[in-house]
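Novice: Structure in structure tokens, see below.
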Amino acid sequence: MTADERIAQLRDEINFHLYRYHVLDAPVISDAEYDALYRELLDLEAAYPDLVVPDSPTQRAGAEPLDAFEKVTHPAPILSLANAFNVDDLRAWRTRIGRLLPDPEMRLDYTVEPKLDGLSIVLTYRDGRFTQGATRGNGEVGEDVTQNLRTIRSLPQRIPVDPDSQLIPPPYLVVRGEVFFPLDKFEAFNQSRMEAGAAAYMNPRNAASGSLRQLDSAITAARPLTLYIYDFIAWEGGSVPDKQWERLELLKAYGFPVSPESQYCPDLDCVAQAYDAFIEKRNQLNYEIDGMVVKINDKPLADGLGFVGKDPRGAIAMKFPAQEKTTKLLDVQVSVGRTGILAPAAVLEPVEIGGVIVRNATLHNYDEIARKDIRIGDTVIVKRAGDVIPYIIGPVVDVRDGSEQVVERPSHCPACGEPAVQIEGEVAIYCDNPACPEQLVRRVEYFVSRGAMDIDNFGSQTGSLLIEQGLIRDVADIYTLNRDDLLALEGFKDKKVDNLLAGIEASKQQSAERVLTALGIRFVGNVVAGLLLDALGSIDAIAAASQEELEVIEGIGPGTAVNVITWFANEKNRRVLEKLRAAGLQFAIEKAEMDAASQTLEGLTFVITGTLPTMSRDEAKALIEAHGGKVTGSVSKNTDYLLAGEKAGSKLAKAEALGISILDEAALMNLVLN
Ligand code: IVH
């Protein structure tokens with residue numbers, strides 16, 4: 001096979017697996033097998049750069065940044081829809097269109113589709129290849145965002161996606177859909193934006209539109225955008241079915257992502273039922289919907305009904321009750337994040353929104369509070385979407401009585417009292433004190449959380465209490481908690497202590513990926529942790545890597561690389577790391593590698609005496625053993641080192657007499673780290 005042929009084959013295969021993974025959520029090969037195909041293609045394209053084409057899967061990482069978006073004239077107007085707000089409005093719509101039909105009572109059937117609250121896009125395919133993608137713009141002219149759309153994994157670069165499919169799409173085909181930001185990724189994404197000093201997006205819709213309208217498509221590539229397609233806009237040289245339901249089926253068969261919530265309805269009662277069902281499930285979906293779209297299934301008939309303004313008569317949007325309410329902003333509290341960000345948090349007069357009592361809302365940052373002129377005591381409009389933390393749309397200025405108070409930016413950390421700092425060019429305000437107790441509470445909370453070490457029975461109150469009692473001074477202290485200390489705490493009975501200790505013990509088996517995530521290095525969430533470990537094999541190798549070595553890893557940018565380097569360069573962090581190693585946590589993808597990486601004290605015998613500055617003697621012992629050393633109880637001529645702290649007594653004297661090397665904690669660290 002020639003390089004040319006193999007490249008073509010690899011592209012088809014990779015596109016197919018992207019589809020299985022991102023559209024069907026049913027991969028048929030492992031991640032490692034996928035990676036191997038992808039790497040083979042990358043290597044071949046590097047060897048034959050002339051064979052690189054824009055729709056190659058390797059180009060999904062983004063292309064050269066643009067100066068501006070080109071304008072695109074749509075082949076047909078990109079319409080919007082009239083609204084209905086309840087079932088009465090729906091029936092009134094049916095009656096209105098009845099008057100335009102030869103028989104007002106004629107049987108009509110429908111499709112119902114979720115009305116995604118994202119960004120409308122228009123995709124062009126020529127001979128089955130994706131050639132252009134545009135935003136809706138004003139409905140006639142939109143912006144060319146082809147490069148950005150290419151980065152979306154669920155968007156088919158070629159149709160049909162399935163190589164075994166017999167379907168031949170029209171040589172010229174334009175479809176329409178909606179790009180959106182999955183709700184389950186939204187908060188973590190905003191969090192990392194804030195940590196990077198950027199302003200948070202107000203809601204998932206803004207995040208989708210902001211992510212798609214980037215001149216540098218590499219930025220879009222790093223965002224978890226996805227899309228659903230729901231309509232044909234234009235085609236030439238072929239045909240599409242007359243029925244909307246069959247059109248959705250055909251879109252699916254081509255390999256487009258189509259909402260699985262779409263449904264066929266033989267009559268209006270079914271539509272009414274679907275409406276209630278959608279309202280019920282809207283908060284369980286992984287995207288925001290603000291209504292349901294009802295379309296007459298017979299498209300030629302629907303099109304024949306014409307328009308009212310820009311709204312076609314043959315379809316209608318049934319809006320849901322807004323998940324928005326007004327309530328009073330009682331206070332704005334300052335919360336301290338694990339990286340020291342001082343974030344404003346709204347305390348609200350409790351209000352029921354869509355079946356849930358809302359007491360708190362995010363305010364993102366102080367710039368936004370100032371921009372929206374939100375004041376304490378204001379009546380504010382609060383919006384809720386899915387399980388995402390609700391946010392404040394803005395104040396109702398008209399009902400102010402003059403008692404409202406401007407929100408002050410914090411000048412000091414509320415937890416430790418150190419002055420707050422703002423980094424030039426960044427939005428966030430920080431507490432810069434690494435010893436801030438509240439930051440430690442957050443770090444511990446993050447360390448034990450579900451996405452990190454996932455320690456059962458370790459709630460955030462437990463963390464706060466242990467820190468308050470001085471039992472935890474860094475996250476590694478979690479592994480030296482002992483039964484007696486815990487039993488001495490108020491409310492800690494046998495059972496509770498056993499459960500807690502069992503949870504901690506079990507977490508030692510968590511993967512190196514989770515350990516790396518749990519360290520809480522800025523920008524290193526579990527995805528990046530996975531990339532780093534896949535490339536380098538162990539936390540030690542990552543700690544030892546240079547900026548350049550990190551940056552060549554796919555998916556690792558310079559910002560992440562700097563943060564990784566800075567974190568591992570910090571003496572305090574390295575101590576924590578060694579304590580975690582000593583506790584027996586997984587540091588490498590394979591255990592064998594970890595052992596190999598840490599046997600620096602092999603063959604050496606230690607004795608420990610006195611009080612060490614930051615470690616207990618048990619911790620020091622575990623540390624030494626983890627690195628292959630041995631610890632004995634008494635000094636003899638076989639002792640290699642005496643590890644001595646404050647108030648060392650007779651053992652020190654004996655070691656001196658025997659001429660044995662004496663180490664303090666810092667010197668031991670040096671031995672271990674070098
Ligand atoms: S059909 C004539 N179907 O809702 C066809 N629209 O006002 C008009 N939307 O801007 C659109 N999901 O961005 C249609 N399944 C769906 C939709 C949908 C979301 C958006 C679309 C449009 C707005 C309608």
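The values are calculated or read from the model by the stated rules, or taken from the named source; none is laboratory data. Treat the numbers as computed from the prediction; the structure is a model and nothing was measured. For neighbour counting, all protein chains shown are included, and Cβ atoms are generated from backbone atoms with ideal geometry for every residue, glycine included.
Novice: Of all strands (runs of 3 or more DSSP E) completely enclosed by segment 336-395, which ones contain at least 3 residues that are out of contact with any Pro (no Cβ under 7 Å at 6 or more places or on another chain) and within 25 Å of A420 (Cβ to Cβ)?
Specialist: Details: elements: 341-353, 356-362, 379-385, 388-395.
Correct list: 341-353, 388-395.
Novice: While we're looking at this one, here's another question. Of the residues in segment 173-199, how many are under 19 Å from P114 (Cα atoms) and either over 17 Å from the mean Cα position of the chain (by Cα) or part of a helix (DSSP H, G or I) (or both)?
Specialist: Initially, segment 173-199 is screened for residues under 19 Å from P114 (Cα atoms), giving 175-184.
Those still in the list that are either over 17 Å from the mean Cα position of the chain (by Cα) or part of a helix (DSSP H, G or I) (or both) too: 175-178, 183-184.
Qualifying residue count for the region: 6.
Novice: A further question follows. From the set of residues in segment 302-327 that are under 16 Å from P114 (Cα atoms) and within 12 Å of the ligand (Cβ to nearest atom), which is modelled with the lowest pLDDT?
Specialist: Filtering segment 302-327 for residues that are under 16 Å from P114 (Cα atoms) and within 12 Å of the ligand (Cβ to nearest atom), the one modelled with the lowest pLDDT comes out as K319.
Novice: Any idea which residue in segment 118-140 is nearest to L167 (Cα to Cα), counting only those that are touching a residue at least 40 places away in the same chain (Cβ under 8 Å), away from the ligand (no atom under 16 Å from the Cβ) and of a type in the set (S, T, N, Q)?
Specialist: Of everything passing the filter in segment 118-140, T124 is nearest to L167 (Cα to Cα).
Novice: Output the residues belonging to segment 200-221 that are buried (at least 17 other Cβ atoms within 10 Å of the Cβ), outside any helix (DSSP H, G or I) and among the aliphatic types (A, V, I, L, M).
Specialist: Those that are buried (at least 17 other Cβ atoms within 10 Å of the Cβ), outside any helix (DSSP H, G or I) and among the aliphatic types (A, V, I, L, M): A200, M202.
Novice: Helices (runs of 4 or more DSSP H) wholly in segment 1-99 with at least 3 residues that are over 30 Å from I296 (Cα atoms) - which ones?
Specialist: Numbers: elements: 3-18, 31-47, 87-98.
Those helices (runs of 4 or more DSSP H) span 3-18, 31-47.
Novice: Quick check on my filter: what residues within segment 286-301 are more than 9 Å from the ligand (Cβ to nearest atom) and out of contact with any Pro (no Cβ under 7 Å at 6 or more places or on another chain)?
Specialist: Our first condition is that a residue be more than 9 Å from the ligand (Cβ to nearest atom); within segment 286-301, this holds for 286-288, 294, 296-301.
Within segment 286-301, V294, I296, N297, D298, K299, P300, L301 qualify.
Novice: Restricting attention to segment 483-502, which residues are touching an Asp or Glu at 6+ places or on another chain (Cβ under 9 Å) and under 25 Å from R338 (Cα atoms)?
Specialist: If the condition is that a residue be touching an Asp or Glu at 6+ places or on another chain (Cβ under 9 Å) and under 25 Å from R338 (Cα atoms), then L500 is the only one that fits.
Novice: Right, here's the next one. Scanning segment 69-87 for residues that are over 30 Å from W235 (Cβ atoms) and among the hydrophobic types (A, V, I, L, M, F, W, C), which turns out modelled with the lowest pLDDT?
Specialist: At the first step, the residues of segment 69-87 found to be over 30 Å from W235 (Cβ atoms) are 85-87.
With among the hydrophobic types (A, V, I, L, M, F, W, C) added as a condition, the list becomes 85, 87.
Working: F85: 89, V87: 95.
Step by step, filter segment 69-87, then rank; the result is F85.
Novice: Give me the residue from segment 310-341 that is among the hydroxyl-bearing types (S, T, Y) and free of Cβ contacts under 8 Å to residues at least 60 places away in the same chain and, out of that set, farthest from R96 (Cα to Cα). Working first, answer last.
Specialist: Initially, segment 310-341 is screened for residues among the hydroxyl-bearing types (S, T, Y), giving 326-327, 335, 339.
Filter once more, so that each one left must be free of Cβ contacts under 8 Å to residues at least 60 places away in the same chain: 327, 335.
Details: T327: 39, S335: 54 Å.
Restricting to residues being among the hydroxyl-bearing types (S, T, Y) and free of Cβ contacts under 8 Å to residues at least 60 places away in the same chain, the top hit is S335.
Novice: Answer yes if at least one residue in segment 265-281 is within 16 Å of the ligand (Cβ to nearest atom) and more than 30 Å from A92 (Cβ to Cβ), and no otherwise.
Specialist: no
Novice: Select from segment 318-365 the residues that are more than 27 Å from the chain's Cα centre (by Cα) and crowded, with 19+ Cβ neighbours inside 10 Å and list them in ascending order.
Specialist: M318, T327, L329
Novice: Taking K310 and the conditions (1) out of contact with any Ser or Thr (no Cβ under 7 Å at 6 or more places or on another chain); (2) surrounded by fewer than 18 Cβ atoms within 10 Å (Cβ to Cβ), which numbered condition does it fall short on, given that it satisfies the others?
Specialist: (1)
Novice: Does G559 fit the bill of being in a helix (DSSP H, G or I), within 25 Å of A222 (Cβ to Cβ) and out of contact with any helix residue (DSSP H, G or I) (no Cβ under 9 Å at 6 or more places or on another chain)?
Specialist: Working: in a helix (DSSP H, G or I): yes; within 25 Å of A222 (Cβ to Cβ): yes; out of contact with any helix residue (DSSP H, G or I) (no Cβ under 9 Å at 6 or more places or on another chain): yes.
Yes.
Novice: Further, regarding this structure: Scan segment 356-367 for residues that are touching a residue at least 24 places away in the same chain (Cβ under 8 Å) and either under 30 Å from F523 (Cβ atoms) or out of contact with any Ser or Thr (no Cβ under 9 Å at 6 or more places or on another chain) (or both) and jot them down.
Specialist: To start, the set of residues in segment 356-367 that are touching a residue at least 24 places away in the same chain (Cβ under 8 Å) comprises 356, 358, 360-367.
If the condition is that a residue be touching a residue at least 24 places away in the same chain (Cβ under 8 Å) and either under 30 Å from F523 (Cβ atoms) or out of contact with any Ser or Thr (no Cβ under 9 Å at 6 or more places or on another chain) (or both), then V356, N360, A361, T362, L363, H364, N365, Y366, D367 are the ones that fit.
Novice: Can you name the condition, by its number, that C416 falls short on among (1) surrounded by fewer than 21 Cβ atoms within 10 Å (Cβ to Cβ); (2) touching a strand residue (DSSP E or B) at 6+ places or on another chain (Cβ under 8 Å); (3) modelled with pLDDT under 90?
Specialist: (3)
Novice: Which numbered condition trips up L101, out of (1) away from the ligand (no atom under 15 Å from the Cβ); (2) under 25 Å from A253 (Cα atoms)?
Specialist: Looking at each condition in turn, L101 falls short on (2).
Novice: Under 6 Å between Cβ atoms, at least 6 apart or on separate chains: pull out the pairs that start in segment 103-115 with a residue that is outside any strand (DSSP E or B) and end on any residue that is more than 9 Å from the ligand (Cβ to nearest atom).
Specialist: So the pair list comes out as P104/G98; L108/I296; D109/P266; D109/N297.
Novice: Could you tell me which of the residues A502, A506, A512, A545 is closer than 30 Å to N482 by Cβ, touching a helix residue (DSSP H, G or I) at 6+ places or on another chain (Cβ under 7 Å) and not charged (D, E, K, R)?
Specialist: Values: A502 fails: touching a helix residue (DSSP H, G or I) at 6+ places or on another chain (Cβ under 7 Å); A506 fails: touching a helix residue (DSSP H, G or I) at 6+ places or on another chain (Cβ under 7 Å); A545 fails: closer than 30 Å to N482 by Cβ.
None of the others qualify; the one that does is A512.
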